[in-house]
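This report concerns only the one structure given below.
The values are calculated or read from the model by the stated rules, or taken from the named source; none is laboratory data. These figures come from a predicted structure and were not determined experimentally. Positions of Cβ are generated from backbone atoms using ideal geometry, with glycine treated the same way; all protein chains shown enter the neighbour counts. Note: areas computed on protein heavy atoms with side chains; ligands, DNA, RNA excluded. Shrake-Rupley method; radii C 1.70, N 1.55, O 1.52, S 1.80 Å.
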Amino acid sequence: MKYLKLLALTVLFSALCSSASAQFNIQDNTKREIRNAGDSIRSVPLRNDYINRARYEAERRALRKERNTVEFNATLQLSQTQFENWASGGDNTFSGRAAIMFNHKHQRRKFGFETKIDARFGINHINKQTFKNEDEFRLNGLMTWKINDIWSYAASGNLRSQFVVGRKSRTDNTKVSTFMAPGFLDLAVGFTYDKKPFKMVLSPIGGSAVFVLDETLSEKGINGVEKGDRQKW
């Protein structure tokens, strides 16, 4: 009887010990699994408190404004004069003039580029006759590379011509000019001196060309271009 009680107590103690050991092991594994799972799905917010987004965008806009400067100006002028039953007499007239000026400057570190377009066109209509009194366009380009704050290497180009056919006079329809007939091209390489408010371009090396691309005017040999030739350098 004593042996049975002792055996029963031994089995019960063993069971209690095994249960306690098993509970400890399960609890430890559970904690490790929860921790691992939490680490794998946890999202870490990125803190950019040291970056001011509004200030950054403002600085970017200011930088772009410094590097690119655009100037544009357009004008349109119209006038009309009409006489009805006017004792002193007079001619009915209509005149119009349009002008465009565009200037773009780009500066990036030492490199700079400037483009300028200047165009004008004007007509008048008097006594049922139309005649242009202004017709010209200019295209200028200047490329620079800074040597220091004042001096820069420079290469420039200039193209000048007119848009439409030009006549000798209001009563003489003889053609004297048209687009690129004549046309003038100037190219130069040198230096620029720029210290506000003074700017100077020095071009010790340069060349120019005269174009007469119209066949009729080319046969006349205008603006120093030989008869039959289209250009002279």
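Scanning the range 213-233 for residues that are free of Cβ contacts under 8 Å to residues at least 40 places away in the same chain, closer than 14 Å to F179 by Cβ and surrounded by 14 or more Cβ atoms within 10 Å (Cβ to Cβ) yields a total of 4. Within the range 154-176, if we keep just the residues that are assigned to a strand (DSSP E or B) and at pLDDT below 95, the residue that is nearest to the chain's Cα centre (by Cα) turns out to be G166.
Taking strands (runs of 3 or more DSSP E) as the structural unit, those lying wholly within the range 91-148 and holding at least 2 residues that are touching a His at 6+ places or on another chain (Cβ under 8 Å) and not β-branched (V, I, T) correspond to 93-108, 111-126.
Scanning the range 195-212 for residues that are of a type in the set (A, V, I, L, M), within 29 Å of D229 (Cβ to Cβ) and surrounded by 10 or more Cβ atoms within 10 Å (Cβ to Cβ) turns up A209, V210, V212. Within the range 142-162, the set of residues being surrounded by 15 or more Cβ atoms within 10 Å (Cβ to Cβ) and not aliphatic (A, V, I, L, M) comprises T144, K146, W151, S152, S156, N158, R160, S161, Q162. Candidates in the range 163-176 are the residues that are of a type in the set (S, T, N, Q) and touching a Lys or Arg at 6+ places or on another chain (Cβ under 9 Å); of these, the one that is least open to solvent (accessible area, probe 1.4 Å) is T174. Within the range 127-135, is even one residue touching a Ser or Thr at 6+ places or on another chain (Cβ under 6 Å) and within 30 Å of A74 (Cβ to Cβ)? Within the range 127-135, none of the residues are touching a Ser or Thr at 6+ places or on another chain (Cβ under 6 Å) and within 30 Å of A74 (Cβ to Cβ). Only a single criterion out of (1) within 21 Å of A155 (Cα to Cα); (2) of a type in the set (G, A, S); (3) touching a Leu at 6+ places or on another chain (Cβ under 7 Å) is not satisfied by A181, namely (1). All conditions in (1) in contact with a strand residue (DSSP E or B) (Cβ under 9 Å, 6 or more places away or on another chain); (2) farther than 25 Å from W145 by Cβ; (3) not hydroxyl-bearing (S, T, Y) hold for K199, with the sole exception of (2).
Taking the conditions exactly as written (under 27 Å from I222 (Cβ atoms) and of a type in the set (G, A, S)), does S161 satisfy them or not? Yes, satisfied. For first residues located in the range 166-182 and free of Cβ contacts under 8 Å to residues at least 40 places away in the same chain, partners that are in a strand (DSSP E or B) and among the aliphatic types (A, V, I, L, M) and lie 6+ apart or on another chain with Cβ distances below 6 Å form the pairs G166/V176; K168/V176. For A37, the criteria (1) assigned to a helix (DSSP H, G or I); (2) modelled with pLDDT under 55; (3) open to solvent by 60 Å² or more (accessible area, probe 1.4 Å) hold in every case but one, which is (3). For the range 70-119, taking the residues that are charged (D, E, K, R) and open to solvent by less than 60 Å² (accessible area, probe 1.4 Å), the one that is modelled with the highest pLDDT is identified as D118.
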